[in-house]
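Undergrad: Okay, here's the structure, questions in a sec.
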Amino acid sequence: DVKVTQSSRYLVKRTGEKVFLECVQDMDHENMFWYRQDPGLGLRLIYFSYDVKMKEKGDIPEGYSVSREKKERFSLILESASTNQTSMYLCASSLYGPPRVQYFGPGTRLTVT
Amino acid sequence: DAKTTQPPSMDCAEGRAANLPCNHSTISGNEYVYWYRQIHSQGPQYIIHGLKNNETNEMASLIITEDRKSSTLILPHATLRDTAVYYCIVRALTGTASKLTFGTGTRLQVTL
């Protein structure tokens, strides 16, 4: 069965803190993605990775960085959390080949105070 | 990627089939149709996908018209746990990875 897990379901951090969100998939997928979801704005792609140590910016990478040291793990880093980064963060993974179905994790609801 | 149009909401009685339509009149030949659903405060769940042919899996059936300009997701026996927002997405596979763009979807309410 397909499995994408995220390190936390709920997280509360203070402004200026460094925040790590971890995502692990057990499907040997090449592609991994980080999205954020906000009411009225839908899903927005932050970063994605198509291989170990490879990364590409999505639509809203400002304020975020990522790390992919192992194929199964993709980390999202908020270098200095701000209140406008309060959101639901969703990780997904897919095979490189078609149809590239993306499987999502349960999400992390991050609140920055 | 082609734009999709879905009704904002639908109701369905438990045990009946839920038929969720999606219009994608500008779809091109290399674009897939994907369906996802999202239950409140959870990550999106993949349901089914298709390119040209009708598809069926353990969750649902996907009927794509011959001209590919529209499709219908069918949940054959809806239950209360199928209450969710359903998203129809049309996407071409370009580059090294292809992002998903979720529209506003259809909010399906399954009732007793």
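The values are calculated or read from the model by the stated rules, or taken from the named source; none is laboratory data. The structure presented is a predicted model; accordingly, all values stated were derived computationally and were not measured. Here the Cβ positions follow ideal geometry from the backbone for every residue, glycine too, while neighbour counts run over all protein chains shown. Calculation scope for accessible area: heavy atoms of the full protein, side chains included, ligands and nucleic acids excluded. Shrake-Rupley method; radii C 1.70, N 1.55, O 1.52, S 1.80 Å.
Undergrad: With a 1.4 Å probe and all protein chains left in place, how much accessible area per residue does chain B have, in Å²? Present the calculation step by step, with values, prior to reporting the outcome.
TA: On the way: 5670 Å² over 112 residues.
For chain B, the solvent-accessible area averages 51 Å² per residue.
Undergrad: For chain B, what is the relative contact order in percent, using Cα pairs closer than 8 Å and at least 6 residues apart in sequence? Intermediate results must be reported in sequence, preceding the final value.
TA: Details: 272 pairs, mean separation 40.9, N = 112.
Relative contact order comes out at 36 percent.
Undergrad: Probe of 1.4 angstrom, ligands and nucleic acids ignored: what's the accessible area per residue over the stretch A:13-92, in square angstrom? Mind showing how you got there, number by number?
TA: Details: 3750 Å² over 80 residues.
Result: 47 Å² per residue.
Undergrad: For A:Lys70, give me every one of the aspartates and glutamates with a C-alpha distance below 18 angstrom, ignoring sequence neighbours fewer than eight places off in its own chain.
TA: Cα-Cα hits under 18 Å: A:Glu22, A:Asp26, A:Asp28, A:Glu30, A:Asp51, A:Glu56.
Undergrad: Excluding A:Glu22 itself, calculate the net charge of residues whose Cβ lies under 12 Å from the Cβ of A:Glu22, where each Lys or Arg counts +1 and each Asp or Glu counts -1.
TA: Working: positive: A:Arg68, A:Lys70, A:Arg73; negative: A:Glu69, A:Glu72.
Within the 12 Å Cβ shell, the charges total +1.
Undergrad: What Cys residues in the protein assembly as shown have no fellow cysteine's beta-carbon under 4.7 angstrom?
TA: Result for the protein assembly as shown is B:Cys12, no neighbouring Cys Cβ within the cutoff.
Undergrad: When you have a sec, figure out the Kirkwood radius of chain B from all distinct Cα pair distances and drop it here in Å to one decimal? Can you show the working numbers first?
TA: On the way: mean 1/r = 0.0707 Å⁻¹.
For chain B, the Kirkwood estimate is 14.1 Å.
Undergrad: Right, another one. Anything over 32 Å Cα to Cα? Flag those among A:Lys18/B:Lys3; A:Lys3/A:Lys55; A:Lys53/B:Lys69; A:Lys71/B:Lys69, in the order listed.
TA: Values: A:Lys18/B:Lys3 38 Å; A:Lys3/A:Lys55 22 Å; A:Lys53/B:Lys69 39 Å; A:Lys71/B:Lys69 37 Å.
Over 32 Å apart, Cα to Cα: A:Lys18/B:Lys3; A:Lys53/B:Lys69; A:Lys71/B:Lys69.
Undergrad: Counting every Cα pair in chain A, what percent are over 24 Å apart? Kindly include the intermediate steps, with their values, before the conclusion.
TA: Values: 1135 of 6328 pairs.
Every Cα pair in chain A considered, those over 24 Å come to 18 percent.
Undergrad: Relative contact order of the stretch B:7-60, please, whole-number percent, based on alpha carbon pairs below 8 angstrom and at least 6 residues apart. Show your work: numbers first, answer last.
TA: Working: 39 pairs, mean separation 12.2, N = 54.
That works out to 23 percent.
Undergrad: If you average the sequence gap of Cα pairs under 8 Å that are 6 or more apart and divide by the length of chain A, what percent do you get for the contact order?
TA: Values: 297 pairs, mean separation 40.8, N = 113.
Taking the mean separation of contacting Cα pairs over the length of chain A, I get 36 percent.
Undergrad: While we're here: Across bins of 5 angstrom width beginning at 0, how are the C-alpha pair distances of the protein assembly as shown distributed, in whole percent?
TA: 1, 7, 14, 18, 18, 16, 12, 8, 4, 1, 0
Undergrad: Counting Lys +1, Arg +1, Asp -1, Glu -1, what net charge surrounds B:Ile27 among other residues with beta carbon under 11 Å of its beta carbon? Present the calculation step by step, with values, prior to reporting the outcome.
TA: Numbers: positive: B:Lys3, B:Lys52, B:Arg68, B:Lys69, B:Arg91; negative: B:Asp1, B:Glu31, B:Asp67.
Net charge in that neighbourhood comes out at +2.
Undergrad: Would you mind giving the mean number of other chain beta-carbons within 10 Å of the Cβ of each residue in A:39-49, as a whole number? Kindly include the intermediate steps, with their values, before the conclusion.
TA: On the way: counts 0, 1, 0, 7, 8, 3, 5, 0, 0, 5, 2.
Mean partner-chain Cβ count within 10 Å for A:39-49: 3.
Undergrad: When the Debye formula is applied to the Cα atoms of the stretch B:51-112, each taken as the same point scatterer, what base-10 log of I(q)/I(0) results at q = 0.20, 0.28 Å⁻¹?
TA: The calculated log intensity ratios at q = 0.20, 0.28 Å⁻¹ are -0.98, -1.26.
Undergrad: Now for a separate question. Give the B-A buried accessible area in Å², both sides summed, 1.4 Å probe, nearest 100. All intermediate terms of the calculation are to be shown ahead of the outcome.
TA: Details: alone 6590 and 6310 Å², together 11120 Å².
By this definition, chains B and A bury close to 1800 Å².
Undergrad: If you don't mind, there's one more thing I want to ask. Cut-off under 12 Å on the C-alpha distance; same-chain residues fewer than 8 positions from B:Lys52 excluded. Which aspartates and glutamates are left, in chain and number order?
TA: B:Glu31, B:Glu66, B:Asp67
Undergrad: Sorting check: for A:55-62, B:45-52, which peptide has the highest mean count of neighbouring beta carbons within 10 Å, and how do the rest follow? Please list the in-between numbers first.
TA: Working: A:55-62: 13.9, B:45-52: 16.9.
Ranked from most to least packed, the peptides come out as B:45-52, A:55-62.
Undergrad: What is the percent carbon and sulfur in the accessible area of chain A, measuring with a 1.4 Å probe over the protein chains and ignoring ligands? If you can, show how the numbers build up before the last one.
TA: Details: 2760 of 5440 Å².
Heavy-atom surface of chain A belonging to carbon and sulfur, 1.4 Å probe: 51 percent.
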